[in-house]
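Undergrad: Dropping a structure here in structure tokens format, bear with me for questions.
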Amino acid sequence: MPLDESDKLRVEVFCSSVFPIVNEAFCVDYPNLKFVLSPTTGLTHIDTNFLGENLVQLISLKGRQDFLKEITSTSEFAWGLMLSVWRKIPSAARLESFNTEKRAD
């Protein structure tokens, strides 16, 4: 759901995966942004120089290989999420819930 302008002013923390690209064009819509969180080891989708120049703190998994080696279920969970999206399971569940509510009426 898109945010209106007053909601964008309240955003101080943004959690990014790979999209959208977090750069100046993105950040201009969020003037009170203080933190960008990225659960990724690569940061090619984030303009780190822009964030640093604008005092927006970046928190990511870059350089945390020792920590990541201790997590064994991450890849399985990632595959599960990818399959869920590929098979459109969340959309199907919402549609089924909507259809069930309609039948109850």
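The values are calculated or read from the model by the stated rules, or taken from the named source; none is laboratory data. It should be emphasised that the depicted structure is a prediction, and the values quoted were computed from it without experimental measurement. Cβ placement follows ideal geometry from the backbone for every residue including glycine, while neighbour counts extend to all protein chains displayed. With ligands, DNA and RNA removed, areas are computed over all heavy atoms of the protein, side chains included. Shrake-Rupley method; radii C 1.70, N 1.55, O 1.52, S 1.80 Å.
Undergrad: Does D47 satisfy being among the acidic types (D, E), over 30 Å from S75 (Cβ atoms) and either open to solvent by 50 Å² or more (accessible area, probe 1.4 Å) or touching a residue at least 12 places away in the same chain (Cβ under 8 Å) (or both)?
TA: The answer is no for D47.
Undergrad: Of all residues in the range 4-22 being open to solvent by less than 50 Å² (accessible area, probe 1.4 Å) and either small (G, A, S) or in a loop (DSSP other than H, G, I, E, B) (or both), which is modelled with the highest pLDDT?
TA: V11
Undergrad: Given the structure, is P31 open to solvent by 50 Å² or more (accessible area, probe 1.4 Å) and either modelled with pLDDT under 90 or in a helix (DSSP H, G or I) (or both)?
TA: Judged against the criteria, P31 is not a match.
Undergrad: Another question about this same structure. From the list G52, G63, G42, which residue is assigned to a loop (DSSP other than H, G, I, E, B) and over 18 Å from the mean Cα position of the chain (by Cα)?
TA: Result of the check over G52, G63, G42: G63.
Undergrad: Could you check, for the range 55-69, whether at least one of its residues is loosely packed, with under 11 Cβ neighbours inside 10 Å, modelled with pLDDT of 90 or more and of a type in the set (D, E)?
TA: Within the range 55-69 (the criterion being loosely packed, with under 11 Cβ neighbours inside 10 Å, modelled with pLDDT of 90 or more and of a type in the set (D, E)), the answer is no, since none of the residues qualifies.
Undergrad: In this structure, is S6 under 30 Å from I89 (Cα atoms) and among the hydroxyl-bearing types (S, T, Y)?
TA: Answer is no for this residue.
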